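**Q** Dropping the structure in here first, questions after.
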Amino acid sequence: MKYLVMVQGTQADYEAMRGKASPGSPAWSEQEIQAMYAYMSAINDDLSETGEMIDGQGLAEPAQTRTVTLGDDGKAVITDGPYSETKELLAGYWLLECESLERVTEIADRITRCPQPEGAPNSPVVIRPVMDGTGDV
């Protein structure tokens, strides 16, 4: 079964990684950034070795987001930047092929343990099974 494992984050988290603290998001040091990258690289290496990794990417900050919806007049409505309705957005993902939901849950648990500065928010990791197109619901 394929699973999409998604890490959530906020614009404040990205800014904290650039050294700009805000309430609830302390500034990250260069050492903390490097520790986070090393931790995530180790996860990627392990998943590649087991053959479970299909793809995985970090995403650009929410401020670089563009949202396209259909307006009442049938024309595209384009909004730049993060959504005002929600703060948490997709920060990165892995597309994995795992033998069970239990296995992918173990991986998500490992992801939640990524090193970060003291007081940084614990961002959720979301697991979504990927439908294979054969009518599974």
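The values are calculated or read from the model by the stated rules, or taken from the named source; none is laboratory data. Just so we're clear, the structure is a prediction, and the values are computed from it rather than from any experiment. All Cβ positions, even for glycine, are placed from backbone atoms using ideal geometry, and neighbour counts span all protein chains on display. Only protein heavy atoms, including side chains, enter the accessible area calculation; ligands, DNA and RNA are left aside. Shrake-Rupley method; radii C 1.70, N 1.55, O 1.52, S 1.80 Å.
**Q** So, E99, is that one modelled with pLDDT of 95 or more, part of a loop (DSSP other than H, G, I, E, B), open to solvent by 70 Å² or more (accessible area, probe 1.4 Å) and under 27 Å from K2 (Cβ atoms) or not?
**A** Criteria met by E99.
**Q** Starting from residues that are in a strand (DSSP E or B) and open to solvent by less than 70 Å² (accessible area, probe 1.4 Å), keep the ones in the range 17-68 and report whichever is nearest to P115 (Cα to Cα).
**A** S25
**Q** I'm told V5 meets every condition in (1) surrounded by 13 or more Cβ atoms within 10 Å (Cβ to Cβ); (2) more than 23 Å from W94 (Cα to Cα); (3) at pLDDT 95 or above except one. Can you identify the failing condition by its number?
**A** Against the list (1) surrounded by 13 or more Cβ atoms within 10 Å (Cβ to Cβ); (2) more than 23 Å from W94 (Cα to Cα); (3) at pLDDT 95 or above, V5 comes up short only on (2).
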